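First the structure, in the form of structure tokens, and then the observations on it.
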Amino acid sequence: MASPRLETFCCPNRDPATDFVVSFQPQLFSALSVGSASLSLILTILQILPKRRGYRRLGPYPIPKPASSSRILFIISICDILGCTGIVVRSSIWLGLPDVVEKISVNNSGDVWPEVFCVGSAMWIQLFFSASFWWTFCYAVDVFLVVKTSAGISTIILYHMITWGLALLLCAEGVAMLYYPSISDCESGLQHAIPHYVTTYAPMLLVLIANPIFFIRTTSAVTSLLKGRQGIYTENERRLATDIKIRFFKIMLVFSVCWVPNIVNEGLLFFLEVQPDISDSSLRTVRNAALITWFFMGILNPMQAFLNTLAHRGWTGLDVDLSLRRRKERAWDSMSTSAAAPNGGAGTGYNPMVGTLLFQSHVQEGDKNLTGNGLQPSDSMGAHSEGGSESSTVEIHMSSERQDFEDIDADAESLDNSVRN
């Protein structure tokens, strides 16, 4: 679980509210955290492993290779995996060696290794989950820029500088303020710990507030783009816009379910912390609510890794492809199709964004036919940018086993002609 309370717990002279939640059923809490993080870790790795599927070319123009937004989604998964790994290691040590937790106290002044492990594991978890928050924010920005300005793949370098720079800076600053003047003798009082909590929750709140705004504006821009193509707004375009809205909604739903309990729990603990006696009978309801949300955090925080992949990619299946030869063939095929339409169709009047949006509606019709024949569709769509031609597109993953797309290609060609005219 990613909570600044666990870093505060590393201080031997921690506040009563922190000691109250962390010391309540620590074995059960660690077991739930290990189980949730391990399950999420395995499923996430399974989700991002290559599958036996590729990009299907529809019409005379190839669908470009995924670029910045697809890379951002992959980096978010990597950050979540590393964060879950930290939770598994820390909770396993605390579960198997309970003495390590008991040695983090003012009575133990000789052995500093329990405190070092506590601080190191807490910083690892906070760093990568904080980076995941920043990358999630950059994803919303990137999708918006792709639709509005056709941002290129070079922006990924700027995203790296922003996310890792801010994550490292805020993590280091917060921890330095929290453990001043030393880990064994932290400064007591609520005021000195506030900067640490602010640096932890600032990127989380940024995603909760700013990402919906970017997603709404992106959806509006896509709708305007569809309407402006030929001055009409058909059922296919309306369905495509609805699919984009649903995808953005799922992203925010997963983030809210996994992290809003942290904000609620922190508010409850701050309320207890300012009380003269947190054991007062009148505060029983607040204490119970803090414990309930605390255990929710231990389960839901690690599950963000897997739920994120479901929201972004959908269920990718169990058909894992670890063949190096097949991956080389796909790379060569991607290079060949990219060379087939230099400059993204520049000079021909072809707009890759509009063309791909049109293709999506035909793919959906093909999915209905495939489903009716007992086959399962495996498409997932994600907005991304294609930097080589400074164009924008919508990523469509097609199953490599699908055939009989001649009718769709013919329809795509007619749509291309209408776009060029």
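The values are calculated or read from the model by the stated rules, or taken from the named source; none is laboratory data. None of the values given here were measured: they were computed from a predicted structure. Neighbour counts run over all protein chains shown; Cβ positions are idealised from the backbone, glycine included. Accessible surface areas use protein heavy atoms only, side chains included; no ligands, DNA or RNA. Shrake-Rupley method; radii C 1.70, N 1.55, O 1.52, S 1.80 Å.
From the list 201, 197, the lone residue that is in contact with a Gly (Cβ under 9 Å, 6 or more places away or on another chain) and not in a loop (DSSP other than H, G, I, E, B) is 197. Evaluation of residue 245 against the conditions (1) more than 29 Å from residue 222 (Cα to Cα); (2) in contact with a helix residue (DSSP H, G or I) (Cβ under 6 Å, 6 or more places away or on another chain) shows that the sole unmet condition is (1). Within the stretch 69-91, at least one residue is assigned to a helix (DSSP H, G or I), at pLDDT below 90, in contact with a strand residue (DSSP E or B) (Cβ under 7 Å, 6 or more places away or on another chain) and over 30 Å from residue 115 (Cα atoms). For the stretch 269-276, the criterion of a residue being over 26 Å from residue 144 (Cβ atoms), open to solvent by less than 30 Å² (accessible area, probe 1.4 Å) and either in contact with a Pro (Cβ under 9 Å, 6 or more places away or on another chain) or at pLDDT 90 or above (or both) is satisfied by at least one position. The residues of the stretch 7-18 that are surrounded by 16 or more Cβ atoms within 10 Å (Cβ to Cβ) and more than 19 Å from residue 124 (Cα to Cα), listed by number, are 12, 14, 15, 17, 18. Summed over the stretch 176-213, residues that are in contact (Cβ under 8 Å) with a residue 40 or more places away in the chain, open to solvent by 50 Å² or more (accessible area, probe 1.4 Å) and in contact with a helix residue (DSSP H, G or I) (Cβ under 6 Å, 6 or more places away or on another chain) total 2. Quick check on my filter: what residues within the stretch 124-175 are free of Cβ contacts under 8 Å to residues at least 60 places away in the same chain and aliphatic (A, V, I, L, M)? Correct list: 127, 131, 157, 158, 161, 162, 166, 167, 168, 169, 170, 172. The set of residues in the stretch 215-244 that are at pLDDT 90 or above and open to solvent by 50 Å² or more (accessible area, probe 1.4 Å) comprises 216, 217. Residue 243 meets all of the listed conditions (1) assigned to a helix (DSSP H, G or I); (2) free of Cβ contacts under 8 Å to residues at least 60 places away in the same chain but one, namely (2). Of the candidates 253, 291, the single residue that is assigned to a helix (DSSP H, G or I), modelled with pLDDT of 90 or more and open to solvent by 50 Å² or more (accessible area, probe 1.4 Å) is 253.
State yes or no: is residue 88 of a type outside the set (Lys, Arg) and either more than 20 Å from the chain's Cα centre (by Cα) or over 20 Å from residue 33 (Cβ atoms) (or both)? No, not satisfied.
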